[in-house]
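Visitor: Before I ask anything, let me first share the structure, which is written out below as structure tokens.
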Amino acid sequence: MKDKIHPDYHEITVVMTDGSTFETRSTYGKPGVTLRLDIDSKSHPAWTGVHRLVDTAGQLAKFNKRFAGFGIPQ
């Protein structure tokens with residue numbers, strides 16, 4: 001390996017969405033930094049099977065209003 005071309009590999013603390021923590025080694029940030037997750041295996045629909053729609057800045061409401069009359073005629 002060449003010198004001084006690889007990122008620093010150090011210990012960080014990861015905080016899951018439920019508040020539980022664990023320590024791991026990563027190139028993220030600086031030694032001792034805390035990484036807080038917004039989505040993890042305890043909250044992501046792919047693992048939990050519970051789907052929910054999050055309306056960010058009214059985008060979902062805007063979409064529903066725009067396409068409310070769009071559908072398959074019966």
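Visitor: Note down all Cβ pairs under 7 Å where the first residue falls in region 33-60 and is within 30 Å of His10 (Cα to Cα), the second is at pLDDT below 75, and they're at least six residues apart or on different chains.
Guide: Note: no pairs meet the criteria.
Visitor: List the number of the failed condition for Lys42; all other conditions in (1) surrounded by 11 or more Cβ atoms within 10 Å (Cβ to Cβ); (2) of a type outside the set (Phe, Trp, Tyr); (3) outside any loop (DSSP other than H, G, I, E, B) hold.
Guide: (3)
The values are calculated or read from the model by the stated rules, or taken from the named source; none is laboratory data. If you're wondering where the values come from, they're calculated on a predicted model, not measured in any experiment. We place every Cβ from the backbone using ideal geometry, glycine too, and count neighbours over all the protein chains shown.
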